[in-house]
Amino acid sequence: MSPRIERRTLLRGIGATLALPWLEIMTPRARAAQKLPPRRFVTFFQPNGVFPKAWNVSGTGRDFALSPILEPLAEFKNDMVVLSGIDSVGKGHVKLTGAFLTGTAIENGVNGISVDQVIARQIGQRTRFASIELGTEPPRQGMAADDPIALANTVSWSSATQRISPEISPRAAFDRLFRDPSSPEARRAAENRRSVVDLVLEDAKALQKIASGRDKEKIDEYLEGVRGVEQQIERTMNPPAPEWTPLTPPDMKRPPAGIPMSKDQHMKLMLDLLVLALQTDTTRVATFMSAHGFSRQNFTFLDGVKNDHHGMSHHKNQEALVAEYTTVSRWYAQQVHYLVSKMNGIDEGNGSLLDNSVVLYGSEMKDGNGHIKEDLPLVLLGKGQGRVKTGQHASFDKGTPLANLHLTLAQQFGAEMSSFNNVSTGTLGGLFV
């Protein structure tokens, strides 16, 4: 029988100690005593669609081959489900971005609740943050048809009228997530926020007394969002006792101030923070906006790319623009690979962080050339603690609503609901055990 050591064994040297990661020679009893890790839900949003012929995989079921865009994820083929046949709603970048996690189209600034927030209400109440929203690109201004372009800044909506903007500063995100909530500075900031919330609540309640019926509904929706801020402040000032402690102490290095000039570096810093927040059980729900939903970001740092992302997405089937468009989409797939590789490298005893997660990766439209909303490019990664039937291409009937995917995910994370935003027509079979 192999020798055994205790889980909390430390390496000791002169003036220092270092905790070991979990090893096979550590006692089964110590490992069994460790609580089961929580399940997590992550969204990675990529804007502006893809070139369909470079995205579409060949074969169905377990007999499928990855496409040029998805080839960077070949290492995780057995950890993924490629989805096809799922359609969105609405028209144009703003509405399609808003629909990515809601399944509904924005009308006069009104949307629906997003699936990440539904899941956060189920699994996020025992962590310091019910959810986090991170990104890399600030809001854009102007109008697209009848919609403010700023609405495409996020895919997360806590209610029909309350959207959640992503944090794009690495240091600001780190400080918000990991600063000591008991420090005088942190408590002062929380108290100030609570004072503002109290004033808002007082004014809103007074306004309700003289508002019309429809306005009262709007105020109720607004107050629901404010109460969410109240709860967040309470969890910040009085954080719940941690239910899960990472087996390996994480690297809590604070990022430098400012926004990195390199898009590649900025992306990786934000993804590092996302993984750190999941690993430490600071949150169990994370949504990542890799760019604004109407992004015109420059990708000339990639070989052969000369145009901005939005411009090349309207490629008109011109060979040069299609090549650039595909290069950028592959670059995004490489960033997803970076994310899931980091998650897969974190041992949680019963498997990796990736094994204990469900990651939704995709774009708001199929092809930017015409804003095609049918057959969205979507992938699930991670095993969800053995519940996801990975290693397959799941093809659904033509016209399957995107909200059916949202309803399926919400139910899998414990939401007792039979419809998603009143637009779903059922759930998706064959994805979960």
Quiz item: So which of Lys53/Lys316; Lys95/Lys306; Lys95/Lys398; Lys263/Lys306 end up more than 25 Å apart, counting from Cα to Cα?
Solution: Lys95/Lys306
Exercise. Tabulate in residue order the Karplus-calculated ³J(HN,Hα) for segment 272-279, using 6.51 cos²θ - 1.76 cosθ + 1.60 with θ = phi - 60°, rounded to whole Hz; enter x for Gly and Pro.
Key: 4, 5, 4, 5, 4, 5, 6, 4
Exercise. Give me the accessible area per residue for segment 232-368, probe 1.4 Å, as a whole number in Å².
Key: 37
Quiz item: How many nm is it between the label spots at Asp63 and Asp264, if each spot is 7 Å from the Cα in line with the beta carbon?
Solution: 3.9
Quiz item: Using a 1.4 angstrom probe and counting only protein chains, how large is the accessible area of Lys35 in Å², to 10?
Solution: 130
Self-check item: segment 271-289-segment 79-125 distance, computed between alpha-carbon centres (Å)
Solution: 20
Quiz item: Which far-off residues, 5 or more places away or on another chain, put their amide H under 5 Å from the one on Asn369, with H placed in the peptide plane?
Solution: His315
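The values are calculated or read from the model by the stated rules, or taken from the named source; none is laboratory data. Bear in mind the structure is a predicted one, so any value in this text is a computation, not a measurement. So basically every Cβ, Gly included, is an ideal-geometry build from the backbone, and we count neighbours across all protein chains shown. Side chains are part of the model used for accessible areas, which takes the heavy atoms of the whole protein and leaves out ligands, DNA and RNA. Shrake-Rupley method; radii C 1.70, N 1.55, O 1.52, S 1.80 Å.
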